[in-house]
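Accompanying notes for the structure given below.
The values are calculated or read from the model by the stated rules, or taken from the named source; none is laboratory data. Worth saying up front: this structure is predicted, and the values here are computed from it rather than measured. We place every Cβ from the backbone using ideal geometry, glycine too, and count neighbours over all the protein chains shown.
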Amino acid sequence: MSTSSPQPSTAPGPGATGEDSASNAAALYNRISADAELTQALFRQALQDPAGALDRIVTLGEHLGLPVSREQVKAHVASLEDPASKQWLLKARGGL
């Protein structure tokens, strides 16, 4: 009888969770924040179509090689201490 048990794969996949996905969400947030025009466009979209804005963020992550899920984006924004980000989350919360 073996005492070792199979270990789960640590390779990140499309629905990756954990540190890699958290760092992807943080890196994606930083990339978006560095582009004032994109930030404003996403904010305006979130006010009119919060779910669409979230989908757009996830798609941006895929295009930038920083895959994230909708849940990871919401968790990252919720963890921020930045008042502007908190305001964005509060205004868009209905669709997020």
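Restricting region 54-75 to residues that are among the charged types (D, E, K, R) and within 15 Å of Phe43 (Cα to Cα) leaves a set whose member that is modelled with the lowest pLDDT is Lys74. With respect to Ser21, determine if the residue is touching a helix residue (DSSP H, G or I) at 6+ places or on another chain (Cβ under 6 Å) and at pLDDT below 90. Considered against the rule, which asks whether it is touching a helix residue (DSSP H, G or I) at 6+ places or on another chain (Cβ under 6 Å) and at pLDDT below 90, Ser21 comes out as yes.
Flag not set for Gly61, criterion: within 14 Å of Ala27 (Cβ to Cβ) and either assigned to a loop (DSSP other than H, G, I, E, B) or of a type in the set (A, V, I, L, M) (or both).
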